[in-house]
Amino acid sequence: MAIKVSASLLSADFSCLTSELKRIDSSGADWIHYDVMDGFFVPNISFGEPVLRSINDKLTRPCDVHLMITEPIRYVDHYAELGADYITVHYESTDDLDTLIDRIHELGCKAGIALKPATPVSVIERFISKIELILIMTVEPGFGGQGIILETLDKVAKAREMADSSEREIFVQVDGGINDKTADMVKTSGADVLVSGSYIFHADDMAKAVSILKS
């Protein structure tokens with residue numbers, strides 16, 4: 001299982017995003033993780049369409065958009081138009097996940113479902129034939145730089161089992177507190193896409209940090 005690293009722009013230096021994107025390219029990170037927060041679904045506001053519009057012609061990696069917002073159906077068209085490859089929405093953010101997943105696919109993107117730490121993996125079992133990614137939040141969504149919640153490792157293992165039993169290619173992604181000390185734990189549990197922000201962006205050598213996560 002080849003491990004992928006998705007570099008979270010939430011930890012980038014926003015004053016020089018073009019330089020940060022070049023740094024990501026040189027680091028060997030596989031994807032760009034783009035966290036959208038609205039201040040309602042989570043208690044923070046990050047960035048949205050204008051920032052992605054300003055950098056989308058500079059992206060050389062798949063764009064992994066994580067919508068931590070209310071009423072995501074109102075916005076998936078916009079993010080698809082701006083170059084999203086994966087659009088991940090929260091199970092907790094909508095009452096009509098079927099329609100939302102179908103719309104993401106109609107737009108030509110791959111669909112993911114994200115789960116907050118307290119939400120059991122079992123709730124997405126009926127959607128497993130329709131998605132390409134399961135995102136297990138290993139911290140409470142909303143802020144970068146948090147420590148991993150160890151109890152979520154069991155959820156990662158259950159998500160891996162569910163993905164494998166589908167006999168489809170479904171990534172199990174983890175987001176929150178991923179660094180050189182926690183990477184082995186989530187990989188052993190079954191994660192194959194590691195979102196990392198603070199650890200790789202604040203490292204003296206980003207390429208080395210990415211390599212450690214993958215090794």
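The values are calculated or read from the model by the stated rules, or taken from the named source; none is laboratory data. Since the structure is predicted, the reported quantities are computational estimates derived from the model, not experimental observations. No Cβ is skipped: glycine too gets one built from the backbone with ideal geometry, and neighbour counts run over all protein chains shown.
Quick one: is R126 out of contact with any strand residue (DSSP E or B) (no Cβ under 7 Å at 6 or more places or on another chain), under 19 Å from S165 (Cβ atoms) and in a helix (DSSP H, G or I)?
yes
So in the range 136-167, with the set limited to residues that are charged (D, E, K, R) and either closer than 27 Å to S11 by Cα or modelled with pLDDT of 95 or more (or both), which one is surrounded by the most Cβ atoms within 10 Å (Cβ to Cβ)?
Top of the filtered list is K155.
Could you tell me whether L82 is closer than 17 Å to E20 by Cβ, touching a Cys at 6+ places or on another chain (Cβ under 9 Å) and modelled with pLDDT of 95 or more?
Spelling it out, it is not the case that L82 is closer than 17 Å to E20 by Cβ, touching a Cys at 6+ places or on another chain (Cβ under 9 Å) and modelled with pLDDT of 95 or more.
Scan (1) surrounded by fewer than 20 Cβ atoms within 10 Å (Cβ to Cβ); (2) touching a residue at least 12 places away in the same chain (Cβ under 8 Å) for the single condition A114 breaks and write down its number.
Evaluating A114 over (1) surrounded by fewer than 20 Cβ atoms within 10 Å (Cβ to Cβ); (2) touching a residue at least 12 places away in the same chain (Cβ under 8 Å) leaves (1) as the failure.
Where residues in the range 14-52 are among the polar types (S, T, N, Q) and in a helix (DSSP H, G or I), which of them is nearest to G112 (Cα to Cα)?
Filtering the range 14-52 for residues that are among the polar types (S, T, N, Q) and in a helix (DSSP H, G or I), the one nearest to G112 (Cα to Cα) comes out as S27.
Just to be sure I understand, how many residues within the range 95-109 are of a type in the set (D, E, K, R) and under 28 Å from E151 (Cβ atoms)?
Going through the range 95-109 one residue at a time, the tally reaches 1.
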